[in-house]
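The structure appears right after this line, and notes come after that.
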């Protein structure tokens, strides 16, 4: 799942900021993957989740009650490919998909694959766990700078088009 979140975090701002067209198939694939993720999330008991600590023996029903009361709405909204709607400016609705990125830090912290990669990096570079914690921070910084740069260029593109429209309207009068 992390690859889909990272790709969305990279491609969606790129599309909006630089007018790079993302194939419609990407939206369909994201919808399908997010649908299955939501379904699996709702039927998989997470007994170790901190919200279920108050229960002696948490059940799937307890988890579902928690999930439907907290993250289900955000997860459900991101399933629908709003950016494919035939309306002006629909590409900006692609931003709705980025809501799902809230899951990425948890995945990176608990995924055996990411933990294995971090430990391998620590061993290869001969660094400690405290120092290896800087790599997720560097990823967050790069993602933040990418989103900021894309927003800057998108805003510039928008301002240029508004100025051109104003010039056209002034010259026609």
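For the reader, a short list of remarks on this structure follows.
- Rounded to the nearest 10 degrees, the inclination of helix 24-43 to the longest alpha-carbon principal axis of the chain is 30 degrees.
- Sequence ranges 147-156, 73-82, ranked by mean other-Cβ count within 10 angstrom, highest first: 73-82, 147-156
- As a proxy for reagent exposure, ranking 91, 57, 15 by other Cβ atoms within 10 Å from fewest up yields 57, 91, 15.
- Kirkwood radius, the chain, all distinct C-alpha pairs, inverse of mean reciprocal distance: 19.1 Å.
- Degrees between helix 2-18 axis and first principal axis of the chain (Cα, 0 to 90, nearest 10): 10 degrees
- Exposure proxy ranking, count of Cβ atoms within 10 Å, fewest first, for 157, 54: 54, 157
- Taking the fewest neighbouring Cβ atoms within 10 Å as the starting point, the ordered list for 115, 12 is 115, 12.
- Ranked by the mean number of other Cβ atoms within 10 Å of their residues, highest first, the peptides 120-128, 136-144 come out as 136-144, 120-128.
- 0 to 90° range, to nearest 10: angle between helix 134-172 axis and the chain longest Cα axis: 20 degrees
None of the figures in this text is laboratory data; all of them are computed from the coordinates on show. Quantities reported herein were computed from a predicted structural model and do not represent experimental measurements. Every residue, glycine among them, receives a Cβ derived from its backbone with ideal geometry; neighbour counts consider all protein chains shown.
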